[in-house]
Amino acid sequence: MTRRILAALMALAMVFALAACGSGSTEEETGGEEVLSAEELQAQVQAIVDALTVPEDVDPAAVQGCEDGVLTIAMECAYAPYNWTQIDYSNGAVPIASGYANGYDVMISQIICDIYGWDLEVVASAWDSLTPGVQSGIYDANIAGQSMTAERMEQVDMAGPYYYAEIVVVTTADGEYADAQSIADLAGGTATAQSGTIWYDSCLPQIPDVELQPPAETAPQMIMSLTTGQVDYICTDVPTATAAVRNNDGLKILNFSGTDGDFQFASEEERAENVNIGISVQKGNETLRDAINAVLEQMDADDFNTIMSYAIAIQPEI
């Protein structure tokens, strides 16, 4: 490992260490499973970072879009726990025009940049503007919780997966649908999900007699529609659901994965497209895609889950 990269990884270690110092250490029990404290998760994340090496076949100065030593990443900065906006630089947040960005996507972005010695620039962008921004070259990449669907990959190239996200339903813990064992048990309920997602376009319509409400523009708006009683349940992925329940014990996750009562896809390949979360780059930018993959391939699903758990642990309440 070169001295420059070692220094970068040590800097990242200090960021995580400072984050842990500002987090609570109380352990919780959720669904019978122990929830680790931020400090414990920070230590696990540090071990993951320490194990990473600089890919020998990647020249950082020759990667398209990063010749100036800067990797410009777009994300909503409003899609916790993948990404969010906060008022200060605590817990390793990076500056954006409207404050500071943090979350799982920021952490993954920072790890990639530190490996290659790039500076990280994060830009807040509306969900519908993410793909056009990469296509036009405004952003080098989107690290924003985007599924690796065939439709999206016709528009951009994608590195990853950098996370594997099961699809779940969230409802109120004392509500009519709290004991549902399948999507059939959700029949007749009112529901919504975030706009432009497989959750709204393909999953919720599978529920018998569902009353679809207009899609939410952001994840916080989606969650608010549930907590304020506008809908009976929402459809989202495990990280978003876990973060919501952690901040509101009046909510409950319904996970039908692996059962006959789960949401259905035409094939396992189609299911994988929507569960696998990837990083978008401009079509044809193989050097950036391959450089990102060279870092991601050194981590596995357990590593990604650990980093995500850490993001959830330090996420501000919404």
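The values are calculated or read from the model by the stated rules, or taken from the named source; none is laboratory data. Everything numeric in this text was worked out from a predicted model, so none of it was measured. In this analysis, Cβ positions are derived from the backbone assuming ideal geometry, glycine residues included, and neighbour counts consider all displayed protein chains. Only protein heavy atoms, including side chains, enter the accessible area calculation; ligands, DNA and RNA are left aside. Shrake-Rupley method; radii C 1.70, N 1.55, O 1.52, S 1.80 Å.
Pop the C-beta distance of Glu151 and Asp209 into the FRET formula with R0 = 41 Å and round what comes out to the nearest 0.05. Before the final figure, lay out each step's value.
Values: r = 28 Å, r/R0 = 0.67.
That pair, Glu151 with Asp209, gives E of 0.90.
Hey, got the Cα dimensions of the stretch 79-127 along the principal axes, in Å, largest first?
26, 22, 17
I'd like the carbon and sulfur percentage of the solvent accessible area for the stretch 73-203, probe radius 1.4 Å, heavy atoms only, ligands and nucleic acids excluded.
Taking all protein chains in place, the stretch 73-203 shows 47 percent carbon and sulfur surface.
Could you list which residues have their amide H under 5 Å from that of Glu76, counting only those 5 or more apart in sequence or on another chain, with H placed in the peptide plane?
Residues meeting the criterion, in which the H sits 1.01 Å from N, are Ser125.
What whole-number distance in Å separates the alpha-carbon centres of the stretch 244-259 and the stretch 85-123?
28 Å
What accessible area per residue comes out for the chain, rounded to a whole number of Å², with a 1.4 Å probe?
Details: 13910 Å² over 318 residues.
Using a 1.4 Å probe on heavy atoms only, each residue of the chain averages 44 Å².
Show me, for the stretch 38-44, the HN-Hα J-couplings you get by feeding each phi into the Karplus relation (A = 6.51, B = -1.76, C = 1.60, θ = phi - 60°), rounded to Hz, glycine and proline as x.
4, 5, 5, 5, 4, 5, 5
Could you size up the charge dipole of the stretch 142-194 around its Cα centre, putting +1 on the beta carbon of Lys and Arg and -1 on that of Asp and Glu, and report it in debye to the nearest 20?
Numbers: 1 positive and 8 negative charges, 38 e Å.
The dipole magnitude comes to about 180 debye.
Work out the length of the dipole vector of the stretch 51-197 about its Cα centre, built from +1 on the beta-carbon of each Lys and Arg and -1 on the beta-carbon of each Asp and Glu, and round it to the nearest 20 debye.
Working: 1 positive and 21 negative charges, 48 e Å.
The calculation lands at about 220 debye.
Would you please calculate the Kirkwood hydrodynamic radius of the stretch 101-194 over all C-alpha pairs and express it in Å, rounded to one decimal?
16.4 Å
Which trypsin sites (Lys or Arg not before Pro) in the stretch 232-284 sit in a loop by DSSP (not H, G, I, E or B) and have at most 16 other Cβ atoms within 10 Å of their own Cβ?
On the way: sites: Arg246, Lys252, Arg271, Lys283; in loops: Lys283.
Passing sites in the stretch 232-284 are Lys283.
Taking Cα extents along the principal axes in Å straight from the coordinates, which label in (1) 78, 44, 43; (2) 69, 45, 38; (3) 59, 45, 35 is the correct one?
Answer by label: (3).
DSSP loop (so not H, G, I, E, B), at most 15 other Cβ within 10 Å: list which chymotrypsin sites (Phe, Trp or Tyr not before Pro) in the stretch 47-117 pass both filters.
Details: sites: Tyr79, Tyr82, Trp84, Tyr89, Tyr100, Tyr104, Tyr116; in loops: Tyr82, Tyr89.
For chymotrypsin sites (Phe, Trp or Tyr not before Pro) across the stretch 47-117 that sit outside H, G, I, E and B with at most 15 neighbouring Cβ atoms in 10 Å, the list reads Tyr89.
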